[in-house]
Amino acid sequence: MLGNYFLINGKFLAVDSFEKKEADINVYEVMRVIDGIPLFLREHISRLLHSIQLSKRVFEIDKKELGKDIVQLCKKNEIEEGNIMVKVMFSSDNVTVLVHFIEHFYPSLSNYTKGVSVGLLKAKRINPKAKIINHTVRDLANNEIRTSKSYEVLLVDEQNEIREGSRSNFFGIKDGKLYTAPLNLVLKGITLSKVIAIAKSNKIEICYKPIPVSVLSNFDAAFLSGTSPKILPISAIDSTTFDVKNALLLKIMNAYDELVCSDIKRYISLLK
């Protein structure tokens, strides 16, 4: 937990007073804060509520109040950029909403221009549609990332097909088309939904189909999408290399950055 303050059930408390509590199930969402503003807040909270529903729990969140609390949390911690976790913890007798800053790993400018190396990991989410904490997959991914010195690992299922990254979504580019796994097999990230919207507005075809590891070399380019990486070019997956200057890739990166700027301006106008 980063910063000096955190939120629990709408109350600001000092970090040194935090007491870890066990829960039967933890549903969470991680959102990025830029200039003290939560990015794509509505979409993140909608997905959080959807995850709660899939976990067979019932709980409501006031999006407007939560947004104000997050802005205030940024001010109290004097943090203008970072990642915030909103965790809804269900136990047998109560529900706790915990909001706090977490450690983040943002790509460097060089990563965006030169791309990043990515590894492969035989693993998959138990419930890809819901963002529920799964320590097993996270621990396996973290260990592989450390060992291989990769930025990220792509999860590969029993059919040797790529589904998604351990904390991102994966796209391949070939002949002006985007390729990604069927949406019912992955965690539909907020950034992924923005890529889909960008593709639709620019009449870019997206092919939702299984991606065998054996066809990776067929792609012209590839990228990760996610809260922390945004749209991040992949330079290599194991020994397979890709074009990080691909025209379509650069177009999507620029379009996403424009969406980020628009969302921040829109939210600032709502706070006035």
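Brief remarks on what is shown
- Strands (runs of 3 or more DSSP E) completely within the stretch 189-272 that count 3 or more residues being charged (D, E, K, R) and either modelled with pLDDT under 95 or within 20 Å of LEU154 (Cα to Cα) (or both): none
- Scanning the stretch 33-43 for any residue that is out of contact with any Leu (no Cβ under 7 Å at 6 or more places or on another chain), surrounded by fewer than 16 Cβ atoms within 10 Å (Cβ to Cβ), at positive phi and not in a strand (DSSP E or B) turns up at least one such residue.
- Residue match in the stretch 122-137 (condition: part of a strand (DSSP E or B) and modelled with pLDDT of 95 or more): no
- Among (1) of a type in the set (Val, Ile, Thr); (2) modelled with pLDDT under 90; (3) loosely packed, with under 15 Cβ neighbours inside 10 Å, the one test that VAL15 misses: (2)
- Test: residue in the stretch 229-247 that is outside the structural domain of MET31 (by TED's automatic domain parsing), surrounded by 15 or more Cβ atoms within 10 Å (Cβ to Cβ) and at positive phi: yes
- Listed by first and then second residue, the pairs with beta-carbon distance under 7 Å, at least 6 apart or on different chains, first residue in the stretch 99-111 and closer than 9 Å to PRO229 by Cα, second in a loop (DSSP other than H, G, I, E, B), are PHE105/SER228; TYR106/SER228; PRO107/PRO229.
- Identity of the residue in the stretch 161-177, modelled with pLDDT of 95 or more and outside any strand (DSSP E or B), that ends up surrounded by the fewest Cβ atoms within 10 Å (Cβ to Cβ): ASP175
- Residues satisfying the stated conditions in the stretch 139-156, i.e. loosely packed, with under 15 Cβ neighbours inside 10 Å and over 23 Å from LYS114 (Cα atoms): ASP139, ASN143
- Against the list (1) surrounded by fewer than 18 Cβ atoms within 10 Å (Cβ to Cβ); (2) over 23 Å from LYS265 (Cα atoms); (3) not assigned by TED's automatic domain parsing to the domain that holds ALA236, the condition VAL88 fails is (1).
- Qualifying residue in the stretch 233-247 (condition: under 21 Å from ARG167 (Cβ atoms), out of contact with any Leu (no Cβ under 8 Å at 6 or more places or on another chain) and among the aromatic types (Phe, Trp, Tyr)): yes
- Among the residues making up the stretch 178-224, a single one is surrounded by 13 or more Cβ atoms within 10 Å (Cβ to Cβ) and acidic (Asp, Glu): ASP220.
- The residues in the stretch 91-105 that are part of a loop (DSSP other than H, G, I, E, B) and surrounded by 14 or more Cβ atoms within 10 Å (Cβ to Cβ) can be counted, and the count is 1.
The values are calculated or read from the model by the stated rules, or taken from the named source; none is laboratory data. Just so you know, these numbers come straight off a predicted model, no measurement behind them. Cβ atoms come from the backbone with ideal geometry, glycine included; neighbour counts cover every protein chain shown.
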